[in-house]
Ligand SMILES: Cc1cc2nc3c(=O)[nH]c(=O)nc-3n(C[C@H](O)[C@H](O)[C@H](O)COP(=O)(O)O)c2cc1C
């Protein structure tokens, strides 16, 4: 069984990366782990041309970059997206990736597909103290999973985290979440 763990932040060694690392450490006895960071990939914004609605493929010159990421989704049995709040939603880089996944979106026919039976987990963190903002991020991630027909299997919101140092005292919450995966 393979787990894809995505750092949805452009920061490679911040709080999000640390949470992704803890999750990987917890799951590695049960899953082969693949960690990626959205900043590992460089791609343009979706132009909204909707050519993919008719062809299930993207006409943009960097379409292979998005396909590479989707190949990682396809190779995984579970996907864990870990996203910090950037202005009360997922970081723009992850949103831009989701937009570019429109060829895979099940709202139009034909559409590209990944293999069925995958489970998706959403983890959100933020500096502020209240949970509804985390739920908003989780909603964005789960909306994406839904249109890829990935089962929405679990969610974790972590408030009051700014830097990776703030993650250590929360390790038990993250480990407890991992026990549900
Ligand atoms: C551009 C930017 C916008 C942010 N907006 C919010 C916000 O709206 N609400 C909040 O609670 N935290 C916000 N934060 C704080 C981050 O969610 C928090 O510091 C998180 O731990 C960052 O993780 P990272 O360093 O791995 O990206 C923002 C941080 C940045 C850099």
Regarding residue 171, is this residue under 21 Å from residue 17 (Cα atoms), touching a residue at least 60 places away in the same chain (Cβ under 8 Å) and within 16 Å of the ligand (Cβ to nearest atom)?
yes
Of those in the range 121-137 that are in contact with a strand residue (DSSP E or B) (Cβ under 6 Å, 6 or more places away or on another chain) and assigned to a helix (DSSP H, G or I), the residue farthest from residue 176 (Cα to Cα) is 137
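Of the residues in the range 1-47, how many are in a strand (DSSP E or B), within 16 Å of the ligand (Cβ to nearest atom) and free of Cβ contacts under 8 Å to residues at least 40 places away in the same chain? If you could, list the steps in order and put the result at the bottom.
Residues of the range 1-47 that are in a strand (DSSP E or B), as a first pass: 2-7, 32-37.
Still in the list and also within 16 Å of the ligand (Cβ to nearest atom): 5-7, 35-37.
Going one step further and asking which of them are free of Cβ contacts under 8 Å to residues at least 40 places away in the same chain, we end up with 35-37.
Number satisfying all stated conditions: 3.
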So, in the range 88-107, exactly how many residues are outside any helix (DSSP H, G or I) and either without any contact (Cβ under 8 Å) to a residue 40 or more places away in the chain or closer than 21 Å to residue 151 by Cβ (or both)?
5
One residue from 129, 103, 91 being surrounded by 14 or more Cβ atoms within 10 Å (Cβ to Cβ) and within 16 Å of the ligand (Cβ to nearest atom)
91
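Does residue 52 satisfy the condition of being out of contact with any strand residue (DSSP E or B) (no Cβ under 6 Å at 6 or more places or on another chain), touching a residue at least 40 places away in the same chain (Cβ under 8 Å), part of a helix (DSSP H, G or I) and within 17 Å of residue 147 (Cβ to Cβ)?
Details: out of contact with any strand residue (DSSP E or B) (no Cβ under 6 Å at 6 or more places or on another chain): yes; touching a residue at least 40 places away in the same chain (Cβ under 8 Å): yes; part of a helix (DSSP H, G or I): yes; within 17 Å of residue 147 (Cβ to Cβ): yes.
Here the answer is yes, as residue 52 does meet what is asked.
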Would a scan of the range 71-87 turn up a residue that is within 15 Å of the ligand (Cβ to nearest atom), outside any strand (DSSP E or B) and in contact (Cβ under 8 Å) with a residue 40 or more places away in the chain?
yes
Has the range 162-175 got at least one residue that is under 22 Å from residue 75 (Cβ atoms) and assigned to a loop (DSSP other than H, G, I, E, B)?
no
Of the conditions (1) out of contact with any helix residue (DSSP H, G or I) (no Cβ under 7 Å at 6 or more places or on another chain); (2) buried (at least 16 other Cβ atoms within 10 Å of the Cβ), residue 1 fails just one. Which one is it?
(2)
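No lab work stands behind these numbers, since they all come straight from the coordinates. Predicted, not measured: the structure shown is a model, and the values here were computed from it. So basically every Cβ, Gly included, is an ideal-geometry build from the backbone, and we count neighbours across all protein chains shown.
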